[in-house]
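Notes follow the structure.
Just so it is clear, none of the values below were taken in a lab; they were calculated from the coordinates. Small disclaimer: the values here were computed from a predicted structure and weren't measured. Because the Cβ atoms are built from the backbone with ideal geometry, glycine has one as well, and the counts that use them run over all protein chains shown.
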Amino acid sequence: MNASALQEELRRVLWERIKARKLTGLGLAKQTGFEQAYISNFLNRKRSLSLEGMDRILSAQNLSVYDLLKREEINKRASSITSSDGDFENVVLTEPEVAATAPTITRDNVRDILKFKKSFLRRLRPAAAKGREEWQRFVLMKVHAQEASSMYPRLLPGATVLIDRHYNLLQPYRRNETNIYAVRRNRQCTIKYVERDGDHLVLRPHNQLHPISVLPLEGSDPSEMIVGRVCHVAIEA
């Protein structure tokens, strides 16, 4: 899909939101800092967007390029990077922001591939909200030093975590044990204990020297913000 096709798909998505009364051209102009005429001309195919313009609209509407790609295009780009090898399954390592937002990890976002025993992965129980089953299930990401410090000693600097993105419900995996989740925060990932308090998510660190964070829910369902459960931690020796 080329840039022109992506912009046409973005127009379609924006018009759907406008027709559903979830968005107005004036509202989008205020969100992005563009003149209303600029937005109107784009929506009515009188002009195209610069890369900066497209990025600002995507960010304002909480969209990514992946939301504009058709499923067959995503599958083609993902191709064989998650193929299996005997008793082992390939799991891709990607950037936290990709793990948080991309249903399928495409080849250009793969930083490394690690092998996990198929028997281990099959034993892991999912708990997926509706629609999440379509996401590539397991991904790996490096934990930033600040994140690792907040969860010390459960996590250490340099840790690589395996995220089960088919486990995004707030229910204990084991009795009397609190799950560690990857949570989408401004299109990034934060690693914390998570609980719901009304229309907010409360993110708790393990290390009491770090503060508790509170995030407003983006909708009525907290699963939309939960990337997945941390189900394995690897520390570089």
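The GNM of the chain, with springs linking C-alpha atoms under 10 angstrom apart, assigns the highest mean-square fluctuation among Asn186, Asn176, Asn62 to Asn176. Kirkwood-type hydrodynamic radius, the range 167-237: 12.8 Å, calculated from all non-identical alpha-carbon pairs. Counting neighbouring Cβ atoms within 10 Å and putting the fewest first, the residues Val65, Val92 line up as Val65, Val92. Beyond 26 Å in Cα-Cα separation lie the following of the pairs Lys22/Lys142; Lys130/Lys192; Lys22/Lys46: Lys22/Lys142. One quarter of the convex hull surface built on the alpha carbon atoms of the range 3-68 amounts to 3.9 nm², the projected area averaged over directions.
Among Tyr38, Tyr181, Tyr193, the residue with the largest mean-square fluctuation in a Gaussian network model of the chain, with springs joining Cα atoms closer than 10 Å, is Tyr38. When each of the peptides 137-144, 201-208, 122-129 is scored by how many other beta carbons lie within 10 Å of its residues on average, the order from highest to lowest is 137-144, 201-208, 122-129.
The tail of the calculated P(r) for the chain, taken as Cα-Cα distances beyond 33 Å, holds 25 percent of the pairs.
Compute the signed sum of charges (Lys and Arg +1, Asp and Glu -1) over the other residues within less than 13 Å, Cβ to Cβ, of Asn41. Here the count lands on +3. Report relative contact order for the chain in percent, whole number only (criteria: Cα-Cα under 8 Å, sequence separation at least 6). Computed over the chain, the figure is 14 percent.
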